[in-house]
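Please read the structure below before turning to the comments.
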Amino acid sequence: MTDHTEALLTGFALGLLEGQELAQAQELVRTNPEAAAELARMQDDFHMLAFDAASLPAPPGGLERLLEATKGVSRFDDFVQTVADLIGDVAARAKTLLDSLDDPASWVPGPAPGTALVHFEGGPRLEAALVGFVSVEPGTLFPEHTHLGEEIVMVLQGAFRDSDGTIVGPGDVRRMSDGTRHDFVALEGPTLIYLVVLERGVEFDFPFEI
């Protein structure tokens, strides 16, 4: 179980999630028996902790310390170092890029209906590659295309089913070699968001560009 999945289940068990994160957790629990069992264990543990703590006085400044501890934490922080490694840059820049994903102004229309892109430059070793984030609305088919070099994809939110039947979800990294060809569909639930590193781009059968 990834750190992101554990954090998602913890937030769900504590009732702290809302919007897309809540929908993602609900879908995870519905489709993954291991996640459902872990959620049930967490809920039991938190219930017992709450029961044991009920008779104890609240520590002074407890709420203030909790708020201070979570200041500056964003929902994609678990992925910062992996993203930094994949884009060949430092963690601080990876975090800035990930934090920008919640700003609608960061996105531009993508190569197909229901898709959007965030383009940015990778680190020095990737200066010739195409690097960015892609969002795909649930139920949208990303059209068939051919890779003109290696492609690396890391899912940050949501999930997709590849044309070979593989399901790729948050924290998963998928590599496709030069010349491979596929399409995929974004699964129902939160909007699919993923990092993509393209060595030399892709080629569509239709007049799309990426």
* Asked: Remind me, what semi-axes does segment 123-192 give for its equivalent ellipsoid, largest first in whole Å, using sqrt of 5 times each Cα gyration tensor eigenvalue?
  -> 21, 15, 10
* Across bins of 5 angstrom width beginning at 0, how are the C-alpha pair distances of segment 77-204 distributed, in whole percent? -> 2, 11, 21, 26, 22, 13, 4, 0
* Structure fact -> Sequence order, segment 143-159: Karplus ³J(HN,Hα) from phi using 6.51 cos²θ - 1.76 cosθ + 1.60, θ = phi - 60°, Hz rounded, Gly and Pro as x, gives x, 4, 7, 10, 7, 9, x, 5, 10, 10, 10, 10, 7, 9, 8, x, 7
* **Under the Karplus curve 6.51 cos²θ - 1.76 cosθ + 1.60, θ = phi - 60°, whole-Hz ³J(HN,Hα) for segment 82-91, x wherever Gly or Pro sits** => 5, 4, 4, 5, 6, 9, x, 9, 7, 4
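Values in this text are rule-based calculations from the coordinates and carry no lab data. It should be emphasised that the depicted structure is a prediction, and the values quoted were computed from it without experimental measurement.
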